[in-house]
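In what follows, a single structure is set out as C-alpha cells and then discussed.
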Amino acid sequence: MKRWIRFALIVGVVAAVFLAYEVVTSYVAYTADAFVRSDLVAVAPEITGRIVAVHIVDNQTVKTGDLLVEIDPVPFKLDFGQRQALAQEARAQVEIDKDRIAAANDAVASATSALALARLTQQRASTLMSAEDVSQAAVDRANDALSRAEASVASAQSDAAATLSTAAMHQASLRKAEADLAIAQWRLDRTKIVAPLDGAINNLTVRVGDTGTVNDPLIGIVAATGWRIIANYKQDYIRNFTLGANAWVWLDSEPWRFHRARIKSIARGISREEGAQKLMPYVAPTTDWIRLQRRFPVTLTLVDPPETLYMGADARVVIFP
C-alpha cells in the first residue's frame with residue numbers, strides 16, 4: 001500500500017511540476033540567449049591602389065560623407081589626362097568630319113546640276129539632229145558629256161557615302177572615348193573613400209602604405225541606427241508571441257535596469273545544420289531531457305534605448321505573452 005502511495009505522490013509531484021511549468025511559460029517567457037545587434041557595413045575600395053592617408057581612428061564616430069581613407073590618386077590622374085586627350089582628339093575629328101560631309105554634299109549637288117545641264121544639252125542636240133541642224137559629231141559630244149556627268153554624280157555620291165561611313169566610325173570612337181573618360185573620372189573620384197552612413201568605426205587596422213584592393217573590406221562601420229535585440233527562444237514559447245507585444249530587456253552593458261521593448265518580428269524558419277544555409281539563421285539547439293529543443297530568433301526593438309549600445313553585448317529578455 002505504501003508503495004502505491006509513494007508512486008502516486010511521485011506522479012502527483014511530476015504532474016504538478018509539469019503543470020506549473022506550463023502555467024508559468026504561458027505567462028512568462030524568459031531567455032538569457034539574447035544579444036544586441038546593429039548593422040555592420042563593410043567598406044571596401046572600388047579601385048586598387050596604395051593608401052596614402054587615413055583620416056579616422058579606431059572607434060571614431062563618423063557621419064555620412066565623412067572622408068575615411070585616400071588612395072594614391074596619381075596613377076588615376078594620369079589615366080584621366082590621357083583619356084581626356086583622346087576624347088578631345090575624337091571630338092576634333094568629328095568636327096572635321098562635319099566639314100567633309102558638307103563638302104561631299106556640295107560636290108553631289110554640283111555634279112547633279114552638271115548632269116541636269118548635260119541631259120538638257122544632249123536632248124537639244126538630238127532634237128536638232130533630227131532637223132538636220134547639227135552634225136552627228138555634236139550629238140556624240142553631247143552624249144559623251146552626259147556619260148561623264150552621270151559618272152561624276154555616281155562618284156560624288158560614292159564619296160559622300162564613304163564620308164558618312166567614316167564619320168559614323170569616328171562618332172562611335174568619340175562615344176567610346178567619352179565613356180572611357182567617364183570611367184577614368186569615376187576611378188579618380190573613388191580614390192577618396194567616404195562613410196556610406198552614420199556610425200562608428202570598428203576594429204580599424206588599415207594604415208598608410210597598405211594596399212586597398214577592389215571589393216576587399218577595409219573598414220567596418222557599426223551603423224548608428226537599426227539597433228535591435230535578437231532573443232533566441234525555444235520553439236514551445238513562440239506560439240504565444242504576437243507582434244508588438246511588450247518585453248523587458250536587461251542589458252549586461254547597462255546592468256540593474258530593465259528596458260521596455262516590443263516584438264518586431266519572429267523568424268519563420270531556421271537552418272537545421274550549421275553553415276548549411278546562409279539565408280536561414282542557425283541557432284544551436286539545447287539539450288532538455290532527451291529531446292533537442294530548437295530555438296527561433298525573435299527580434300525586439302527598444303522603446304527608449306540608452307544613448308550608447310554595443311553590438312554583440314549580452315542581453316536577457318522577459319516576455320509576458
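The values are calculated or read from the model by the stated rules, or taken from the named source; none is laboratory data. Source: prediction; values computed, not measured. Every residue, glycine as well, gets a Cβ built from its backbone with ideal geometry; the counts of neighbours run over all protein chains shown.
One line per residue, one yes/no per condition, for (1) surrounded by fewer than 16 Cβ atoms within 10 Å (Cβ to Cβ); (2) hydrophobic (A, V, I, L, M, F, W, C); (3) part of a strand (DSSP E or B); (4) in contact with a Phe, Trp or Tyr (Cβ under 9 Å, 6 or more places away or on another chain):
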position: L197; (1), (2), (3), (4): no, yes, no, no
position: I201; (1), (2), (3), (4): no, yes, yes, no
position: L204; (1), (2), (3), (4): no, yes, no, no
position: R207; (1), (2), (3), (4): yes, no, no, no
position: V214; (1), (2), (3), (4): yes, yes, no, no
position: P217; (1), (2), (3), (4): yes, no, no, no
position: I221; (1), (2), (3), (4): no, yes, yes, no
position: G226; (1), (2), (3), (4): yes, no, no, no
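No other residue among E95, E178 is assigned to a helix (DSSP H, G or I) and either of a type in the set (V, I, T) or at pLDDT below 95 (or both) apart from E95. Any residue in region 286-307 that is at pLDDT 90 or above, surrounded by 12 or more Cβ atoms within 10 Å (Cβ to Cβ), among the polar types (S, T, N, Q) and closer than 23 Å to L197 by Cα? Yes, the conditions are met somewhere in region 286-307. When the test is whether a residue is within 36 Å of the chain's Cα centre (by Cα), at pLDDT 85 or above and within 29 Å of A44 (Cα to Cα), N215 passes it. Consider region 241-253 and keep the residues that are surrounded by fewer than 15 Cβ atoms within 10 Å (Cβ to Cβ) and touching a residue at least 40 places away in the same chain (Cβ under 8 Å). The one that is nearest to V318 (Cα to Cα) is N246.
Looking across region 181-195, the residues that are buried (at least 16 other Cβ atoms within 10 Å of the Cβ) and assigned to a helix (DSSP H, G or I) come down to L181, A184, R187, L188.
Can you tell me which residues in region 23-46 are crowded, with 18+ Cβ neighbours inside 10 Å and under 16 Å from V208 (Cα atoms)? The answer is P45, and nothing else.
Of everything in region 234-250, what is modelled with pLDDT of 90 or more and either in contact with an Asp or Glu (Cβ under 8 Å, 6 or more places away or on another chain) or part of a loop (DSSP other than H, G, I, E, B) (or both)? Give them in sequence order. F241, T242, L243, G244, A245, listed by residue number.
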